[in-house]
Amino acid sequence: MAARTLRALCRPRPLAARFSQRAGARTEYRSAYSLDKLYPPRQDGDSAGTAPEEQQPRTLDIPISRLTVTYCRSSGPGGQNVNKVNTKAEVRFHLASADWIPEAVRQKMASMYRNKINRAGELIVSSEESRYQMRNLAICLEKIRTMVTEATEQPKVVSKETTQKLIERVEKMNRERLRQKKIHSNIKQSRKEDFD
């Protein structure tokens, strides 16, 4: 009887029986820093029913398959772990052939970020802020998204009244500066004595 109980306890059970309690829930583990959790896929059907005033600005979908991602040793936080693990993320893509960015925005990005573009025409973005590869990759993607949004922003149009006010303010400041300079010069002249 004891041998039979011992055999039953030691017998390996199939994996499906072990996880039968969690059969309804997903058993696949995803890190909190996985790309599908950091950047969930966009559903176009959600924004169709909202009014145009309430819509959020569309976020840029960056195709990860078109990027070249490399990891290397980081100089950031992490203690001795920095010397062992490749946590620095470096993302690069060819800017001229990035058809997921509009042409006018690409040209503006080429002029704005010319010191981040190598001779091959690749825009290079790197991050070593975090101790985790996936978080550094997410930071790089966010930097690319910020670069694109900065390049798409139109400069503010300043009205004629505002420019006139600015010009008047500068002229008034210059007049006041010259007046103070004249006063200071008169004080210095009055201190001089004629020894002749």
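The values are calculated or read from the model by the stated rules, or taken from the named source; none is laboratory data. These figures come from a predicted structure and were not determined experimentally. Neighbour counts are summed over all protein chains in view; Cβ atoms, including those assigned to glycine, are modelled from backbone coordinates with ideal geometry. Surface areas here come from the heavy atoms of the whole protein model, side chains and all, with no ligands, DNA or RNA. Shrake-Rupley method; radii C 1.70, N 1.55, O 1.52, S 1.80 Å.
Here are a few things to note about the model shown:
- Selection of segment 165-184 for residues being of a type outside the set (K, R) and either within 30 Å of M112 (Cβ to Cβ) or assigned to a loop (DSSP other than H, G, I, E, B) (or both) yields L166, I167, V170.
- Only residues that are within 30 Å of G79 (Cα to Cα), open to solvent by less than 90 Å² (accessible area, probe 1.4 Å) and in a loop (DSSP other than H, G, I, E, B) were counted in segment 124-164, giving 2.
- Hits in segment 111-122 - residues which are open to solvent by less than 60 Å² (accessible area, probe 1.4 Å) and over 13 Å from E150 (Cβ atoms): I117, N118, G121, E122
- Selection of first residues in segment 148-160 that are of a type outside the set (A, V, I, L, M) and of second residues that are outside any loop (DSSP other than H, G, I, E, B) and open to solvent by less than 60 Å² (accessible area, probe 1.4 Å), restricted to Cβ pairs under 8 Å at least 6 apart or on distinct chains, gives the following pairs, ordered by first then second residue: T152/V105.
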